[in-house]
Amino acid sequence: MKLGADEFVTTDSEDFAKPYFDKLDYLLSAADAAKIPLDQLLTTLKVGGVATSVGLPDDKWELHPMMMAGNGCSIGTTHIGSKKEA
């Protein structure tokens, strides 16, 4: 919130995305990406919205292009650490 977020949303409930459908320009996810219902999360973005995942998954991450087709959103991750540390 100190960085300028308007709201904090938790994905704990089954219907977490419904109140936010087509409302967000940008979302930053700090949770383990494998535990997030990505198909629901991406519906919260407006057309051309961007999602960034800081929580890298330990397991396989299922991403289907159709998850982004409805709103033309983009998804990316951050690079943790430097290239020297890699």
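Observations on the model:
- Tallying residues that are over 21 Å from ALA5 (Cβ atoms) and either of a type outside the set (A, V, I, L, M) or touching a Ser or Thr at 6+ places or on another chain (Cβ under 9 Å) (or both) within region 46-70 yields 11.
- Residue within region 6-14 that is surrounded by fewer than 17 Cβ atoms within 10 Å (Cβ to Cβ) and at pLDDT 90 or above present: no
- Among residues of region 1-21 that are touching a residue at least 24 places away in the same chain (Cβ under 8 Å), those with a beta-carbon under 7 Å from a residue that is part of a loop (DSSP other than H, G, I, E, B) and of a type outside the set (A, V, I, L, M, F, W, C) at least six positions away or on a different chain give the pairs THR11/PRO37; PHE16/THR10.
- Residue-level check: of (1) more than 13 Å from ILE75 (Cβ to Cβ); (2) of a type in the set (Ser, Thr, Tyr); (3) under 14 Å from the mean Cα position of the chain (by Cα), SER13 misses just (3).
- Remark: TYR26 matches the filter, which requires a residue to be within 18 Å of MET67 (Cα to Cα), in contact with a strand residue (DSSP E or B) (Cβ under 7 Å, 6 or more places away or on another chain) and in contact (Cβ under 8 Å) with a residue 12 or more places away in the chain.
- Complete set of residues in region 31-63 that are under 14 Å from TYR20 (Cβ atoms), crowded, with 20+ Cβ neighbours inside 10 Å and of a type in the set (A, V, I, L, M): LEU41, LEU42, LEU45, ALA51
The values are calculated or read from the model by the stated rules, or taken from the named source; none is laboratory data. These figures come from a predicted structure and were not determined experimentally. Positions of Cβ are backbone-derived with ideal geometry, glycine not excepted, and every protein chain shown enters the neighbour counts.
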